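Chemist: Okay, here's the structure, questions in a sec.
Computed from the coordinates by the stated procedures, all read-outs in this text should not be read as laboratory data. Since the structure is predicted, the reported quantities are computational estimates derived from the model, not experimental observations. Cβ placement follows ideal geometry from the backbone for every residue including glycine, while neighbour counts extend to all protein chains displayed.
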């Protein structure tokens, strides 16, 4: 097998028929969503949340489809570290999903919010809403997924990654802007079936052609079967904390706000978790075969080129469409949510027409995603770690404590905890590096040791200390008042 190839030469006319048929079906589903957009009534609610009428099958399809846009990033991690990917991008997240289903789904239903920042505003106050909106906006801006689409178009059509990001993101913006959340949901329904079948096909054909686990163990480094993949335990655990961001993930909340009832949310998350488990098993296994057979390939590209050479005519086109579906299903959802955050949560008072401002914001978000992809030099791991760390460390503790201790944390205290966490993370990220080159040997050693502690832990610790101090102080004040009253 070749580590790099020109995809166009491997695709037959039958493959292109299959590919464009699926692409056309996806576009038709988006148009159908636009036709179902209600005229009159609560236009914003219908556009943003499908009028809160999301049924169980649609809930599962759109939730599952939204989660895998960084397919090349997942392939990259598996290629380099083996089943470490299944642990960090799979197992940790399943725990978070089930916590959400059993302990949070019922709590958020009573707020009747439209977005995560809107929920923060209902729980804490308007300042908390704005701060949450800023962190949400940068976290949900689809940088990794614009990059994935650029890589896909580069590997299939040979155009540059930058041009691929521009053209692909523009296409996603155009069909997402049409019918709002309905267009996203119905296109996700098509993409759900295509993406699941495509990764399953790769595993089945791999086992048939090369054998099972024995082949992989004979052709892969032993570290690829370690849960840490050669990484430190602290580095691995960071992904566990980032996975807890699912408890406050904007795309999760959007679908929960749109669901018909809390029962749909709970059942839907449990079913989705089972699907995610199977999907992660397929992508990790397929990427291990790619690593075994194409060890000289680029980590992010190996799985794609391996599958193109493995699958027969017709199924190659289906697989290519499946990879595109995986990317687009996440890209369009994140574009839509980020534009909601910008137009509804950050600039709501400036524009009266929520739908129009959302549509304009969607193109702004798309352009920003393309620009920011270059800041991270195309590293999926850095994109997810950096943005996920800030979002989780600064918002996870305040919002979860808002559920546990309702009414205990004020608007100003939420803002203090979140912004102080962000400041502490930023200082910890840069100051030790500067000190290492400026001070004596023993102090440089301390600075080096400080670099070994990820900024995420510092930000989370600072936020928790502030919030627990606030809750403890309020408890003491309440106790004093009771004693005085008696």
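Chemist: Which value in Å is the Kirkwood Rh of the stretch 259-334 over different Cα pairs? Don't jump to the answer; show the numbers that get you there.
Modeler: On the way: mean 1/r = 0.0687 Å⁻¹.
Hydrodynamic radius (Kirkwood, Cα only) of the stretch 259-334 equals 14.6 Å.
Chemist: Working out 0.36 nm times the residue gap between residue 371 and residue 426, then minus their Cα-Cα distance, what length gain in nm do you get to one decimal?
Modeler: Working: separation 55, 0.36 × 55 = 19.80 nm, distance 2.17 nm.
Contour length minus the Cα-Cα distance gives 17.6 nm.
Chemist: Oh, and also: Using packing as a proxy for protection, rank 296-303, 205-212 so that the peptide with the highest average count of other Cβ atoms within 10 Å comes first. Display every interim value, and only then the final one.
Modeler: Details: 296-303: 20.9, 205-212: 14.4.
For the peptides 296-303, 205-212, the packing ranking is 296-303, 205-212.
Chemist: Using Cα atoms only, what is the angle between the long axis of helix 181-210 and the major principal axis of the chain, expressed in degrees (0 to 90) to the nearest 10?
Modeler: For helix 181-210, the angle is close to 50 degrees.
Chemist: Find the percent of Cα-Cα distances in the stretch 13-156 that exceed 24 Å, and round it to a whole number. Walk me through the numbers on the way to the answer.
Modeler: Numbers: 5487 of 10296 pairs.
For the stretch 13-156, the fraction of Cα-Cα distances above 24 Å is 53 percent.
Chemist: Turning to a different aspect of this structure: Could you tell me the ratio Rg/Rh of the stretch 296-427? Both radii from Cα atoms, Rh via Kirkwood.
Modeler: On the way: Rg = 20.2 Å, Rh = 18.5 Å.
Value, to two decimals: 1.09.
Chemist: Kirkwood hydrodynamic radius, the chain, all distinct C-alpha pairs: what's the number in Å? Each step should come with its number before you reach the end.
Modeler: Numbers: mean 1/r = 0.0426 Å⁻¹.
Taking the inverse mean of 1/r over all distinct Cα pairs, the chain comes out at 23.5 Å.
Chemist: Any idea what angle helix 354-373 forms with the longest principal axis of the chain, computed on alpha-carbon atoms, 0 to 90 degrees, nearest 10?
Modeler: 70 degrees
Chemist: Using only alpha carbon pairs under 8 Å that are at least six residues apart, calculate the relative contact order of the chain and give it in whole percent. Walk me through the numbers before you get to the answer.
Modeler: On the way: 749 pairs, mean separation 141.6, N = 486.
Relative contact order of the chain: 29 percent.
Chemist: Please give the Cα centre distance for the stretch 86-101 versus the stretch 254-308, rounded to the nearest Å.
Modeler: After rounding, the separation between the Cα centres reads 12 Å.
Chemist: Angle check, please: helix 13-35 long axis (alpha carbons) against the longest principal axis of the chain (alpha carbons), in degrees 0 to 90, nearest 10.
Modeler: 30 degrees
Chemist: Using every alpha carbon pair in the stretch 106-240, what percent of pairs falls into each 10 Å bin from 0 up to the bin containing the largest distance?
Modeler: Going from the shortest bin to the longest, the percentages are 9, 17, 30, 28, 13, 3.
Chemist: Measuring from centroid to centroid over Cα atoms, what is the spacing of the stretch 149-202 and the stretch 43-75 in Å?
Modeler: Comparing the Cα centres of the stretch 149-202 and the stretch 43-75, I get a distance of 14 Å.
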